[in-house]
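Written out below as C-alpha cells is the structure these notes cover.
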Amino acid sequence: MQVQAIKTKPTQKSEAKFKRRSVFSRKNGYKDFNFALCVGCAYFSFDHSKEAVEWAGKYGCGKCRLAKAMGAYEGVMATAVCDKFISPFGKGINGKSLTQKQLPDFVKLTKNEKGQYAVTFIA
C-alpha cells in the first residue's frame, strides 16, 4: 500500500502540516482516551522535547510515523488511538493480524522462526 500525502489548500508550510493533521484525525478515527493506546502502536515514539514535556508531561505525547509519512503534523497524544493502529507484532486495534497489503510501503512484517510476526520500518 502506497502512503498518499494528505492534500489541503496551499498555506504556510507549518500551517499546512496542522491542517493535514486535522484531515488525518478525521479520516482515521483518531480519538483521545483516558488510557494510553497510542503508546502501544509501532508508529508511535515518545517526544521528550522541552515543549512537549511542558505541555503534556514527560510521557504525555509523542510522534506518529504514519502521520509524518503523509505530510501531516506528527504530534499525537499518548492517550489516543486511531484506526491505523498496528502493534509491534503486526496486529490491528481489534487484535487481528494485518497483512502486508494493509500496511504502507515503509512498513514490513517479518516472521521469526517461532512463526511470530514483528513490524520493521524501512528508512
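Rounded to the nearest 10 degrees, the angle from helix 13-27 to the longest Cα principal axis of the chain is 50 degrees. Out of (i) 1.48; (ii) 1.09; (iii) 0.91, which label holds the value of Cα Rg over 2.2 N^0.38 Å that was computed here? Read-out taken from this structure: (ii). Extension gain for the segment E54 to Q116, taken as residue separation times 0.36 nm less the Cα-Cα distance, is 18.4 nm to one decimal. If the reach is capped at under 17 angstrom between alpha carbons, list the lysines near K17, excluding any in the same chain fewer than eight residues apart. Hits, sequence-local ones excluded: K7, K9, K27, K63, K68. Peptide packing: for 72-81, 47-56, the average count of neighbouring Cβ atoms within 10 Å per residue gives the ranking 72-81, 47-56, highest mean first.
Just so you know, all these numbers are worked out from the coordinates, no wet-lab data involved. Keep in mind the model is a prediction, meaning the values are calculated, not measured. Positions of Cβ are backbone-derived with ideal geometry, glycine not excepted, and every protein chain shown enters the neighbour counts.
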